[in-house]
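The values are calculated or read from the model by the stated rules, or taken from the named source; none is laboratory data. Note that the structure is a prediction, hence the values are computed from the model and not measured. So basically every Cβ, Gly included, is an ideal-geometry build from the backbone, and we count neighbours across all protein chains shown.
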Amino acid sequence: MSRTTRTGALAAALAISLTLAGCAGSGAKSSGSSQLDIATMSFPQSLDPAHAVGSALPFFQATYDTLVKREPNGEFSPMLATKWTYNADATELALTLREDVEFADGSAFDAAAVKANMEHFRKGGGADAKWLNDLEAVEVVDPTHVTLDLKQANPAMLFYLSDAAGLMANPAKFAKADSLKTTPDGTGPYRLVKTKTTIGTKWVYERNKDYWGEQLPYENLTISFFDNETAIANGIRTGQVNAALLQTADQQISIESDPEVKTTKQEFDFQGLLLFDRAGQLTPALKDPRVRQALNLAIDRDTMLSTIRQKRGTVTGQVFGPDAQGYDPKLDTYYARDPAKAKALLKDAGYAKGFTLKLPRISAIVNDALAASLATDFKAIGIKLVWDDLDGSSAIQKVFTDRAYSGMVMNMGQSSSDWVVVNELVTPGAFNMFGTTDATVQKLMPQIQTGKGAEAEQAAKALNEHLVEDGWFVPFYRMTYLHVSDGTVKITPQSGMAVPSIYNYAPAS
């Protein structure tokens, strides 16, 4: 997998997460079950599903169905594909498609449409185009049967087909430049109402009366963009919006005191220092595992969680999340703060006098308190942390194109799929930009990729343990997010996503 592909993927994800525009809202109190208004701090640059990513996925789910549906608990169920079967070595995935499904213009959804969408997504340059790098060819067997031929086994393929890579658009629109950017054409439960939509501010959808499946409970759906969580919390309190996700501890604590507001907690993202330079090309000290272990031992995760997140989260030393098979609860507390041991490791590695570590800082991710906490903890073991302040656009260039830093503090989702975790963080790419590996990684990765059942699970656990012990990363904590509603909506969190799928909202009564 090319570094360019991964770099483009992350660039798009960062651009979405850091985009700030004017505050927006629906302007009127929602009317019970006929209307659902969701507030968000992310929005898509385009409604072409080739560019769907992350927390912007609900914008696409409204008008596009996926081949496979991912249930709230992470299990897969039929959607546009009613059945699927792998061959013996998991290099072919045969799909049986639903019949009598049409796009908005009346043209049929069929196997040819699947082939066109797979190729459009793979070549579209979107943030997650890399997900189909293992797709060698799409074989149209007949209108209701299609086979995905893979270059190698990819145990995350069903996950991808339940996410951005599985969104199905009308292929007739692909030849028209940017036609899907603002005018989506899919088979989904809603249609975008362009006359009521203001791109960048508010997207208004109305029920697709010709939808092939079960109608969702709301006749109308509005997704409104806000540039700060204070405005979102106020919108929830006044009924201007019905549902939202709050990430900051202050806003979570504030809104929980309102008796009319309903809340649901979820841990998804972890925050931590992703080390890129494990070969020591930029910072020679990082080549030694003892130095990376010292970094992990230096930080005071409990204090960081208490002061920065107000105890809203769980300390962790691993990048695998609780929904993944490779997760091991013991690894959350593998590194207790021990400056003396950290200093001893540095001395043994030949860095008794410490060294300088320069990292990029985007203030939206690393606030003043976190920046100061890390600098203090590293200074206590003799490491000088120098922050290089960047904005979103300069970070993309300097971090992922120029590869100018040895690591970066980031917020990362923790997938329920072990192979998604491995493919994002361990294989060569944006988050392993120098392509470092070792014998243990090379041994275990194929077992996760091609193994089944207990074999794959044991390999994932062994790889996770190795990454922690070898100090590949410096995670801090998993962050507790808060799903909030004005009391009229029941929200069910979605495994594998920070924001719920649009299918996960229902009237509270």
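Here are a few things to note about the model shown:
- Matching residues, region 119-139, being without any contact (Cβ under 8 Å) to a residue 40 or more places away in the chain, touching a helix residue (DSSP H, G or I) at 6+ places or on another chain (Cβ under 7 Å) and under 16 Å from residue 164 (Cβ atoms): 122, 131, 132, 135
- Subset tally (residues that are outside any loop (DSSP other than H, G, I, E, B), surrounded by 15 or more Cβ atoms within 10 Å (Cβ to Cβ) and not β-branched (Val, Ile, Thr)) for region 307-329: 1
- Entry remark, region 264-296: residues being under 11 Å from residue 346 (Cα atoms) and outside any loop (DSSP other than H, G, I, E, B) number 9 in total.
- Residues of region 143-165 satisfying the condition of being under 17 Å from residue 119 (Cα atoms) and either in contact with a Cys (Cβ under 9 Å, 6 or more places away or on another chain) or among the hydroxyl-bearing types (Ser, Thr, Tyr) (or both): 147, 160, 162
- Taking the listed residues 282, 286, the one that is surrounded by fewer than 20 Cβ atoms within 10 Å (Cβ to Cβ), modelled with pLDDT of 95 or more and of a type in the set (A, V, I, L, M) is 282, with no other qualifying.
- Selected residue (criterion: farthest from residue 85 (Cα to Cα)) from residues of region 95-118 that are in contact with a Lys or Arg (Cβ under 8 Å, 6 or more places away or on another chain) and at pLDDT 95 or above: 109
- Restricting attention to region 445-490 and to residues that are under 21 Å from the mean Cα position of the chain (by Cα) and hydroxyl-bearing (Ser, Thr, Tyr), the residue that is nearest to residue 427 (Cα to Cα) turns out to be 477.
- Being touching a Pro at 6+ places or on another chain (Cβ under 6 Å), of a type in the set (Gly, Ala, Ser) and touching a residue at least 24 places away in the same chain (Cβ under 8 Å) holds for only one residue in 104, 90, 111, and it is 111.
- Residue in region 161-203 that is farthest from residue 82 (Cα to Cα), counting only those that are of a type in the set (A, V, I, L, M) and out of contact with any Leu (no Cβ under 7 Å at 6 or more places or on another chain): 199
- Tally of residues being modelled with pLDDT of 95 or more and out of contact with any helix residue (DSSP H, G or I) (no Cβ under 9 Å at 6 or more places or on another chain) across region 291-329: 4
- Test: residue in region 330-342 that is among the β-branched types (Val, Ile, Thr) and not in a helix (DSSP H, G or I): no
- Condition broken by residue 441, with the remaining ones in (1) free of Cβ contacts under 8 Å to residues at least 60 places away in the same chain; (2) on the phi > 0 side of the Ramachandran plot satisfied: (2)
- Exactly one residue among 56, 108, 81, 113 is surrounded by fewer than 23 Cβ atoms within 10 Å (Cβ to Cβ) and under 29 Å from residue 178 (Cβ atoms), and that residue is 108.
- Residue count for region 239-263, restricted to those that are of a type outside the set (Lys, Arg) and assigned to a strand (DSSP E or B): 5
- Residue within region 334-348 that is modelled with pLDDT of 95 or more, under 22 Å from the mean Cα position of the chain (by Cα) and closer than 17 Å to residue 463 by Cα present: no
- Helices (runs of 4 or more DSSP H) (entirely within region 83-195) containing at least 1 residues that are over 26 Å from residue 420 (Cβ atoms) and more than 21 Å from the chain's Cα centre (by Cα): 111-123, 179-182
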